[in-house]
Every structure is written in structure tokens, then in C-alpha cells.
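**Student:** Before I ask anything, here is the structure I am working with.
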Amino acid sequence: MKFLGIDLGSSSIKLSVFDAEKGTEVVAVTVPENEMEIQAPKFGWAEQDPELWWSYVKQGLSGIAQKGINLKEIQAIGIAYQMHGLVVTDEHLNPIRPSIIWCDSRAVEAGREAFDKYGPEKCLQELLGSPGNFTASKLKWVREQEPDVYQKIRHIMLPGDFIAARLTRVPQTSQSGLSEAALWNFPEGRLATELLKSMGLDAELVPEIVPNFGKQATIHPEVAAELGLNNEVSVTYRAGDQPNNAFSLNVLEPGEIATTAGTSAVVYSVSDENVYDKESRINTFLHVNNSEKARRNGVMLCINGSGISYQWLRKLLSAATSEPVSYEFLNQQAASVGPGSEQLLFYPFGNGVERIFQNKKANSGIENLNFNLHKPAHIVRAASEGIVFAMNYGFEVMKDLGVQGNTIKAGKANLFLSPTFREIFVNTTQTNLKLYNTSGAEGAARGAACGFGYYKNMNEAFSNLKVVESLEPESQLIEQYAELYEIWKQGIKIEK
Ligand SMILES: Nc1ncnc2c1ncn2[C@@H]1O[C@H](COP(=O)(O)OP(=O)(O)O)[C@@H](O)[C@H]1O
Ligand SMILES: O=C(CO)[C@@H](O)[C@H](O)COP(=O)(O)O
């Protein structure tokens, strides 16, 4: 039996077909070939067009068919998606404006006002954090700044809900989705209706709430015919890309930790408690396997400016070449310079406000540049160090909150494909790193199989997940990176 996983990232959309009998991925496709743009009509804004996402999903499905898969054999679909975005649609499920995505900073003030008005203590107790810059605050911004748009909205959705709605023509969202929107009352396990009211938002805009796993809705026959899919195929799994990354790595139980470094970088730890950071630098969302019987939360740090820094450097280094330079070239450049990049410091905070700094903007850029000494390779290495150091800054807050564990799992993907990045990561965070040969899209396909009822339990879905590489910190490098991290930390400048 074959299952399809769709991973709607900020840089690209990945699709995976997983053959459950064989226990392996049989086809993987990434669209577009070059990374998607994030539009910034104003400084600090970040938007993408949901119609473009949908056109890439369709392109990805054609790519799968071209690789010899009979799309009619797909039994169910799982969707993972960039979190916290706001998609607003009319009654025909057509977007009314571009999506205001996760790293858009415009709603920070709206979130602060909502936090103060609803009451800090109530927010922390009920939402396990502030409405912050999450989906609910983005919707409040639309209501206040674009009242004509707000009036036309019939459904609000997260990015993955939109893709599911395009497939099934049924608007739905999930409990974990609402938690990432800051619209979930954790202690009572329900929609945060009082917060919606306090923010002046209409609860009717929230679509039907479905569990992460299980038959959510069946594909619309017209869509099935257009895409060449089977009429019977259903969406049986959806989750934000970070809980999905953890799920893909079989990180499901308290104390287990996952990481990734795509456009953003995340360290994600599972907890069975309603833990929260009073300053909302670290965020708690529902994990995919949360249930009434067993509480499972994802406690996580997010650095917005992670792989996007590397992506930006790649574009810069490609400006004068006929073909873009490859990421492998960047990795080689990084490896050609020693730890510390000859005192060059890189601050990766150029993708909106950062949660680890309480939704404030911090410095982005390169410091200590010496024109007679530093080459592009130093900048690439410094960027890798700066990204890991930023992750470590958040990881320290997680540890203060009681997150423990010295083994972290990651997919062998994105920045974790760089040996230098991996070395910096293990020695700075002082953790063991286990890399698995899997991806978020493959995880979403396994999720679809779980939701379809193919497996007896979730562990069975991961019985042939394999570690492809294990790394451990080395005492000499630990010392070296600890010193470099302290120097880097001194250079953080947070806007007042
Ligand atoms: N071979 C590679 N080596 C190092 N980094 C890479 C490589 N390929 C991609 N990346 C990094 O990973 C990023 C994309 O990661 P991905 O997980 O696909 O992002 P998203 O899920 O946000 O779309 C790229 O922008 C780049 O920074
Ligand atoms: O905001 C978060 C997590 O809370 C981000 O991790 C987004 O979910 C975007 O993910 P990527 O596109 O970087 O995978």
C-alpha cells in the first residue's frame, strides 16, 4: 500500500510516496527546483501566495507520476506544513489575501495588546504562552488594519489546512494546529473561545476541528479527476512541520528531542506536562500524539533566520556565476576554515523578530570583517557558527525550563547535510546527534498510513527507521566552541 506525504515548507514543497509493505520511501520530489521566495512588501513582513503552494503541490504530483508511480495506488495523504501562518478564504475556499506566514513580524503589537488585555496569568495558564506573533495575532492585525478583508473572511486556516481544503473542499483544522495559532485552551482541551472574544475575533471563522490522525475528509471527485488520484483517497494526517519532524524521527515520548535546520531551526522536546516559559521565548504546542489519556506537548525553540541565512549567502555567492553555486560548495567552503572563522561573527537574525528575544528584532549581519584576511569561506563558516550559537542560546532557555536529554535526533537533510554544521552543533550544544535517513515528507506519508489504520501502533510505523550517522562531542572542541559561543553571545544586540 502506498501513502503520500506532502511537506509544505517555506523554501520548498516536498512530496514523498511511502510503500508501507516495503517500509521505504519509493519516490521523493521537491518543487520548485529553486527555493520559493518569501515576499516582504514592507520591512519585517513575510507573505506567500497559497495559490502558488497549491500549484506546486499539483506540479509535485505530476513529478511523482513521471517517476513511474501510478497515483491511483495512493491510499491516503498526510500533510505537514510551515506553522503559525494565516490563510484567510471566502466561502469557496479561495484566499482573500496572501498568507501572512510564520516569520512575518507585523502582528507583534497586536499580540502584546491581546496578552495584556486578556491577562498575562490567564494567557500563561490557558495558552501556555502569549498570543505572541502567532496566527491569532495575525488575524487581529487583519481585523484592525484591513477591515474590508476581514469582513469577507469565511474561513481561517493554517497553511496545511488550506492544502487539505483544496484536496477535499472541506475546511478543517486540528487541535495541534489551533495550539500553534495560540487558540487552544490546554488545561480544558478546547478552542480558546474567551481569548477569541477578547481579541474581537469571530469564533465562527474557525473551521471544523479534526484529530491529527484519522480520516479527516475524502478527496473531492473533481479534484481526484484533475490530479489523477483515486476517488477514495482521504487526508488521514496533518500536523505542523515541527511536530511532524519530531514524529518523522519517532520522537513521541517525554524526554525525547528532535531538531532540524531548514529555513528556520528548531529544537523540539516532548513533555507530558503543561510546561511554559513565562517570557514565551520557548513555546509549547500540542504534539501529534497528544490524547485525553496521555498528555504530549512539544516544547520548542525556533530560530527564524537559519537555513534562510545560508540560502541568502548562496544567492550572494551566485550573483556573478551563470549557474547558482551548490550547497555542497558552501559546505566545502565552511569546512576549509577553522573554528571561530578568524574572529568573524555572524548574527542570523534577519528573518523577522525572534521568539527567543521575546519577539524583538535582533542584529543581523557580519561583524569583525577584515578585508585583508576574510574570504567568502570565512563568512560561510561564521554563518554556520552563528546559526548554531543562536540555537544554543534558545537551548539554554529550554534547559532552564527543565528540558533534559543529551541525545538529539535529526533527519539527514537541510543544514544537517553540512559536516561543519554538524560538528559545530554537537560540540556547542554538547549533545550526541543521531541522524536518520528520513524527511518530513516521508514522515507525513507514514503519518497518513497511521491515520489510515495501516499500523497497529505508531512504533510499528518506524520499525525500519535507521540511524545513518551518529556524532558525539569531543572534549577539546567543546572547550573551543564554549569560548567562541560566549564571545558571539556578547555581540547580540536586541532592539529596545
Ligand atoms: N546540501 C546542503 N547542505 C547544507 N545546507 C543545505 C543543503 N541543502 C539545503 N540546505 C539548507 O536547507 C534549507 C532548506 O531546508 P528545508 O528543510 O527544505 O526548508 P523548508 O522546510 O523550510 O522548506 C536551504 O535553504 C539551505 O539553507
Ligand atoms: O515557526 C516555526 C516553528 O514554530 C517554523 O519552524 C515554521 O514552521 C517554518 O518551518 P520551516 O519552513 O523552516 O520548516
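**Student:** Which of the lysines could a cross-linker bridge to K493, judged by Cα under 21 Å and excluding same-chain residues fewer than eight apart?
**Tutor:** By straight Cα distance, K493 reaches K360, K361.
**Student:** Please give me, ordered by residue number, the chymotrypsin sites (Phe, Trp or Tyr not before Pro) of region 1-98 that lie in loop per DSSP and have at most 14 other Cβ atoms within 10 Å.
**Tutor:** Sites meeting the loop and neighbour criteria: F43.
**Student:** Rounded to two decimals, what is the ratio between the C-alpha radius of gyration of region 61-192 and 2.2 N^0.38 Å?
**Tutor:** 1.20
**Student:** Moving to a separate point now. Residue-wise, which Karplus ³J(HN,Hα) couplings in Hz belong to region 332-344, taking 6.51 cos²θ - 1.76 cosθ + 1.60, θ = phi - 60°, and x for glycine or proline?
**Tutor:** 5, 4, 4, 6, 7, 10, x, x, x, 6, 6, 6, 6
**Student:** May I ask for the net charge around V337, where only other residues with Cβ less than 15 Å from the Cβ of V337 are counted and Lys, Arg are +1 while Asp, Glu are -1?
**Tutor:** Local charge sum for V337: -1.
**Student:** Hey, another quick one. Please report the projected area of region 228-358's Cα convex hull averaged over all directions, in nm².
**Tutor:** 13.2 nm²
**Student:** Give a residue-ordered list of calculated ³J(HN,Hα) values for region 462-473 (Karplus: 6.51 cos²θ - 1.76 cosθ + 1.60, θ = phi - 60°; whole Hz; x for Gly, Pro).
**Tutor:** Each residue of region 462-473 in turn: 10, 4, 10, 6, 10, 6, 9, 7, 10, 10, 10, x Hz.
**Student:** Please report, in whole Å³, the volume per residue of the convex hull around the C-alpha atoms of region 2-248.
**Tutor:** 117 Å³
**Student:** If you don't mind, another one. Per residue of region 409-418, what does 6.51 cos²θ - 1.76 cosθ + 1.60 with θ = phi - 60° give for ³J(HN,Hα)? Whole Hz please, x for Gly and Pro, Karplus curve as stated.
**Tutor:** Each residue of region 409-418 in turn: 9, 8, x, 7, 8, 6, 5, 5, 7, 8 Hz.
**Student:** Ranked highest first by the average count of other Cβ atoms within 10 Å around their residues, in what order do 462-471, 302-311, 273-282 fall?
**Tutor:** 302-311, 273-282, 462-471
**Student:** Then there is this: Report, to one decimal in Å, the Kirkwood hydrodynamic radius for region 62-124 based on all distinct Cα pairs.
**Tutor:** Computed over Cα pairs of region 62-124, the Kirkwood hydrodynamic radius comes out at 16.0 Å.
**Student:** Over the alpha-carbon set of region 47-91, work out the extent along each principal axis and list the three values in angstrom, largest first.
**Tutor:** 35, 23, 19
**Student:** Count neighbours as other Cβ atoms within 10 Å of each site's Cβ, and list the trypsin sites (Lys or Arg not before Pro) in region 1-55 that are DSSP loop with at most 14 such neighbours.
**Tutor:** Here the trypsin sites (Lys or Arg not before Pro) that fit, given the DSSP loop and packing criteria, are K22, K42.
**Student:** To the nearest 20 Debye, how big is the dipole of the chain about its Cα centre, given +1 on the beta carbon of each Lys and Arg and -1 on that of each Asp and Glu?
**Tutor:** Roughly 220 debye, rounded to the nearest 20.
**Student:** From the C-alpha coordinates alone, can you work out the Kirkwood hydrodynamic radius of the chain, in Å?
**Tutor:** For the chain, the Kirkwood estimate is 22.7 Å.
**Student:** Which net charge results when you count Lys and Arg as +1 and Asp and Glu as -1 among the other residues whose beta-carbon is under 12 Å from that of G63?
**Tutor:** +2
**Student:** Separate question: Report the equivalent ellipsoid semi-axes for region 366-459 in whole Å, largest first, defined as the square roots of five times the eigenvalues of the gyration tensor built from alpha carbon atoms.
**Tutor:** 34, 18, 10
**Student:** If each DSSP helix of 4+ residues adds -39,500 (n - 2.57) and the sum is divided by the residues in the chain, what number results at 222 nm, nearest 500 deg cm²/dmol?
**Tutor:** It comes out at -10500 deg cm²/dmol, rounded to the nearest 500.
**Student:** Still on this structure, please answer the following. Less than 12 Å Cβ to Cβ from F346, Lys/Arg counted +1 and Asp/Glu -1: what total charge do the surrounding residues give?
**Tutor:** -1
Read-outs: derived from the displayed coordinates by stated rules, not from any lab. All values derive from a computational prediction rather than experimental measurement. All Cβ positions, even for glycine, are placed from backbone atoms using ideal geometry, and neighbour counts span all protein chains on display.
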